[in-house]
Structures are given as structure tokens and as C-alpha cells.
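The values are calculated or read from the model by the stated rules, or taken from the named source; none is laboratory data. Since the structure is predicted, the reported quantities are computational estimates derived from the model, not experimental observations. Here the Cβ positions follow ideal geometry from the backbone for every residue, glycine too, while neighbour counts run over all protein chains shown.
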Amino acid sequence: MTTDAELIGRSLAGDKEAFVEVILRHERAVGAFLARRVGREAAEDLLGDVWVAAFESRRSYDRSFPEARPWLYGVALNRLRRHWRSQPAEDLVPDATSMANEWDPWPAVDARVDTRAVLRPALARLRPEEREVLSLVAWEDLTVADAARALRMPAGTARRLLHQARTALRNTPEVAALLTDLNSVKESQ
């Protein structure tokens, strides 16, 4: 199988279909990455911007790395930051008033909502670079080295930030209580 680095090289050499193959390989992952941060509708708009920006900056891709996914996440993060800077501050805060009390009778869904209610503020208290490393490793399934590449930082710095983020989350009383509750549920099953 041809690597992403080889496809990008072929694209730079004039093969118009080579970069399309890179897009096809990573469209779902990058689209999901964007959707988790801005919602599906905004992600669809941003995804096109990501591909244009990636195509325009493909000369900067370090072809010593065979897989382009971390680099594409870095391009997507830059587009996300541009998007967030362009939004009014009130649009960046989710509207929680639309959720009615006891809106779903299933305990699993309620537990998931409770988990999100605890995790969101805890994640918001992390420094932005800690939150980005954590999200790339935990949700995007990147290695710490690949997350560092996506964020254009040394791998050691990414490891330190990941450790700090995990420690901060564990030391948050609400998260510690949530983890205790989840562990007791697992043990009772």
C-alpha cells in the first residue's frame, strides 16, 4: 500500500489524484475530529477548508513520516482556531436550557449526561495545550509522539502536558467521585 507521504510526493510532482487518495483515507477521522469540537454542521463547512489548507501547505509536509493523519489534525486545529476566533463569545457556550430535566428514562443515557456534565467543566479548566494533547491521545487515538507532531511541539513536552492533564483531571473532586462511582458500577456487574 502506498504511504500518505508517497501520495503527497506524487501530488507535488503533478499527480492530481494522489492528494484525493489522502483525503479519502482520512476524511472520516478528520471529519469526526471536527464534529466533536464544533458539531456536525459546522464541521462539514470546516472540513472543506481543512482540505484546501492541507493541499496548499502540502509542501511543508515532512515526508519522513509515512502517515499524514497527525499533520492533518494539526491543519484542522488551525482551522478550528480560526473558526473559534471568528465566532461571537456567546456562540461558543452551549445552550443547556434546551435539555429538560429527566429528558431520557434510560439510566445509561443519564449516566452519560452526568459524565459529560462533570467532564466538560473539568476539561475547560485545563490549559489549552493540555486539553489538546489529551484530546488527540484519548479521543483521536494518536500516540503522544503523533499528538506532538500535530501540535508542532517536542514529544517530551506533549508527554509532560498529557501527564499534567491526567493528574489535574484525577485531582478534580467531581471527576474523582465520578471515577469512584464508575468503578463501583463495574465491580457490581
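The set of residues in region 145-175 that are crowded, with 18+ Cβ neighbours inside 10 Å and free of Cβ contacts under 8 Å to residues at least 24 places away in the same chain contains only Ala148. A Cβ distance below 6 Å, combined with a sequence gap of six or more or placement on separate chains, defines the contacts here; from region 9-33, residues that are charged (D, E, K, R) reach residues that are part of a helix (DSSP H, G or I) in the pairs Arg10/Ala18; Glu21/Leu7. Across region 68-85, which residue is farthest from Asp45 (Cα to Cα) among those that are over 14 Å from the mean Cα position of the chain (by Cα) and among the basic types (Lys, Arg)? Out of the qualifying residues, it is Arg85.
When Val137 is tested against (1) modelled with pLDDT of 65 or more; (2) in a helix (DSSP H, G or I); (3) out of contact with any helix residue (DSSP H, G or I) (no Cβ under 6 Å at 6 or more places or on another chain), only condition (3) is not met. Listed by position, the helices (runs of 4 or more DSSP H) enclosed by region 1-111 that each have at least 1 residues that are modelled with pLDDT under 90 and polar (S, T, N, Q) are 69-86.
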